[in-house]
Each structure stands twice: as C-alpha cells, then as structure tokens.
Amino acid sequence: MISNKVPQEKFNELRRLAEKMLAVKGKPTEKVFDGNLLKLIHELQIFQIELEMQNEELNRSQQELMKSKMLYTELYDFAPVGYLTVNKKGLIQKANLTFADMLSAERASLINQRLSSHIALEDQDIYYRHQQNLCDSNRRQICELRLQKKEGTLFDVQLESVTIPAGYDTPKRYRTVVIDITHRKQIEVALKYSNLQLKSILNSIDSSIYISDMKSNKILFMNKYMEKKFNKNLSGSICWQAIREDQDGPCEFCKNNPLINTDGNPSEPYIRDFYYKEHDKWVELHYVAIPWTDGTLVRLGMVTDITDRKTQELEQKRINMLLEDKVKERTAELEDMNAALRVLLKNREEESNKIEEKIFANHKLLLSPIINNLKKTLTLKSQQELIDLLEIELKNILSPFSIKLSDKMINLTPTEIHVADLIRFGKSSKEISEIMNTAVSTISRHRENIRKKTDLKNKKINLSTFLSTLR
C-alpha cells in the first residue's frame, strides 16, 4: 500500500500518478496562453491532483486509524480483566470499564485516585511491597490482595504489573492487570476444608493410612496412627524405601494399573490379604486412587492388622472340623442305634403278631367251639343271654387283632385257619393231612374254601404267597 512507503517515494509516486491523470484529461489550450503560462498551469494541475490524492490517502488512513482505535477501545474496555495505568505516585492514570465494574464505580471517578485507596486496609503492606519490588527490579510482579467496592464489599484479586519505560515527554509508569480470583479463592477454601475433613477422618482410624504420589511414590500424607507406629512422620519419603526395608525398588503394591482404568479415571478399590513372614502377622491392604488438592490422582493406601482375625478364623476352622468329625461319629453311632432299634422293633412286631395270632387262634379253636356248645346245651333264656353277652364282649376284645389279621381271614373257620397257617409255612396237602390226621381230599376241600373266602377263586394267584402277605 502507498501509506507504507517513505514520504519521498510516496511523493514521487503521487506525482507520476498525477501526470498520468493530467495526460488523460488533455493539455491546456495553446491559443490563450503562452508557453510559460502553460507550464505553470500544468504544474498547478499536477499539484492539485497530488493534493486530492493525498487527501484521499489521508481519509483512508484516518478511517483505518479510527477502526484500530475502536478495536483497541473495545479490547481494552471490555476485556474480561481490569487494566490500569498507574504513575510512580500510585495514582490511576487510565482504567478500563471492567475495572470500574469490579469496584462498582464510575470510571471518571477513578482517574487521579490512589489505587491503594481501593485496597483493603489489611492488605496495604502487600501492595506496598508489590510496588517497591516493581520499582526496584523493573520486572513483572504478581501479588494477591483484596479490593474494596464502593459499597464496602471485599473481593479477591490478583495484580500483575509491568513497568512502562519513560519516554521523551512521559514519565515512568506502570501497567497493571487486575484479575478477579474470588471464585478461585472459594474453591481453594472449599478444597482446604475438604482436605482438613479428610485428614481428620483419616487420623481417627486405627489403621495405617498414607497417601502417595502415583508417579514418584513420595508420601504426601500419613495419619497419626501410622506416624505413631513408625515413631516419625515419613511425609516426603519414598514409600517403598521408608515402609519396606527389604525393597530395592517399587513393590507390587505401588502398581497403578489396578487403580486406574483405560480412560485414566479411578477404578474399583484393590483389596487383598498379605502375610508378613518376617513379622509373622497378617494385614489387609486396601488401595484406591483419589483426587488430591491439586486435582491430580494420588494413591490412598490403608494397612489394617488382621492377625487376630486370621487367628480366630483358623481357630474357628479347626473347631468346625472337630465339630464335623464329632457329628460324623455321632451320626454313625445313631445310624448303628437306629439299625439296632429297627431290628428290635421288627422283632417286637413279629412277637406281637405271633401273640395276636395265638390269641385269635385260641379264640377260634378253643373259646368259640365251647361257646357254640354252650348255646346248644343251655335252655334257659337268661343263660343264653349271658352266653350272647360273653360272645359279644370277646369279639370286642379280639376285634383289634382280627382287623390286623385282615377281613378276609376273619371268615375262616378254626380248622381252615389251621390249614391256612400250614399252607403259609409251605406245607403240602399231603404233609398237612398227616399233621392233622385227616384225608388229603379233606385238606383239598379246605383249600378250596380258603380260596373262595379270600376271594381267590378262579384267580391264578399262589395261595401260600397270598397268605404270607396277610400276616
């Protein structure tokens, strides 16, 4: 652009451009003026064109300057931080709108006012040292203090100041950037409070707890229980050097892989039991990654002595094994007793069955025939009634036995019951006839009657097997 060239070059170029423009317009009339006058007019026309071009260039420069000034003003006044220009006496020479908004004041009211008048009384010394260091070193200085708004409210800021060298007609000044750090201070206070709470909780636990850096393995914190155990505070030491005397490098518990997932975030806690052979004790190791006060992840380790618990578990295991052995022994004894009891019960049942059979058989074989003969021989009605009553009472007495002997056997005669018993014991008709001193045909007839009365007639069922099931 023309505006970027030195004045002489710019003038020469403007002259050349003016001559070209005059040539386009045409030469003046020679009939009216002589040669010298024409030359003068020519020069004047060129000069006029030069002036017009210079004026256009000046207008463009002014417009660009105005745009730059507007951009500078916009950047300066509406920046997210406060900008100040302060002289050696500490008077505010310039201030942007952001700084005025910080103090809830008009910008005009701040000019030529001491910056220290807006600083909290307790922080005046901080600002004084800030200005003194800036003046002595001419290097950038940073400090934190509190400013006071117009209505008296205090808020935290950070001042960052640099020196503006003195010019030909301007004295030495200082430019200061004012950053509102109220939110940051609130976060720091909250983190500090959280850190105190965390330390208070950790110090109240009866287990060795420490926090170490996940990269350097330096101990950042150890609770009072662990400090008492080691008789000193190991903060700042390498954990595996201070805690494990037998280690020449990071131990297996210093690994970060179980504590951090692939995304770099804390994973589930890592818990395991470990036996210290040299100390003959068991401990429970509990490791987890947590965020520290600076936002980085650190390793929190908790070591709990569980030797007593392990001893109790082993003792309980031993007792359980003894109890299981005793239960097995007792179970075997009870099984033997049950087997013997079953044998006794079976023998008792067999004896009871035999007694019942004998009672019922005696009734059938002895009492029943006598009662029947008495009924035939006694003629008096009173005597017959007594016999009937006696028969009824006997039947009532023998009814439980008769039920157990089956309804099918109750209808047999005493002789048929005797034959049925011999058949049940596996005797043949010939053997039964010899025992009862009667003909074989009679025994066969008794057999037929027994099958008929027990509902076995015309059925292919072995009589001996069937009779065995009724007893």
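The values are calculated or read from the model by the stated rules, or taken from the named source; none is laboratory data. The model shown is predicted, which means the values in this text are computed figures rather than measured ones. All Cβ positions, glycine included, derive from the backbone under ideal geometry; neighbour counts span all protein chains shown. Accessible surface is based on the protein model in full, side chains and every heavy atom, while ligands, DNA and RNA are left aside. Shrake-Rupley method; radii C 1.70, N 1.55, O 1.52, S 1.80 Å.
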Inset, instruction - Please work out how many pairs of lysine residues in segment 39-176 are eight or more positions apart (or on different chains) and have Cα atoms closer than 24 angstrom. - result: 11
Legend entry - Vicinal HN-Hα couplings computed from phi for segment 328-338 (Karplus, 6.51 cos²θ - 1.76 cosθ + 1.60; Hz; Gly/Pro x): 5, 4, 5, 4, 5, 4, 5, 5, 5, 5, 5
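Provide, as a two-decimal number, the C-alpha radius of gyration of segment 121-178 over 2.2 N^0.38 Å, N being how many residues it has.
This ratio for segment 121-178 stands at 1.27.
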Legend entry - Rounded percent of accessible protein surface that carbon and sulfur make up, segment 406-457, 1.4 Å probe: 48
Legend entry - Debye log10 I(q)/I(0) at q = 0.18 Å⁻¹ for segment 180-316, Cα point scatterers: -1.12
Inset, instruction - Any of Lys215/Lys310; Lys224/Lys277; Lys232/Lys255 with alpha carbons more than 29 Å apart? Name them for me. - result: Lys215/Lys310
Inset, instruction - Determine the relative contact order of segment 261-359: mean sequence separation of Cα pairs under 8 Å and six or more apart, normalised by residue count, in whole percent. - result: 15
Legend entry - Dipole magnitude of segment 154-202, debye to nearest 20 (Cβ charges: Lys/Arg +1, Asp/Glu -1, about Cα centre): 140
Legend entry - Three-way shape call for segment 181-224 based on the alpha-carbon gyration tensor, with the a/c threshold at 1.5: oblate
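For segment 157-314, what is the accessible area per residue in Å², given a 1.4 Å probe and the full set of protein chains?
About 62 Å² of surface per residue is accessible.
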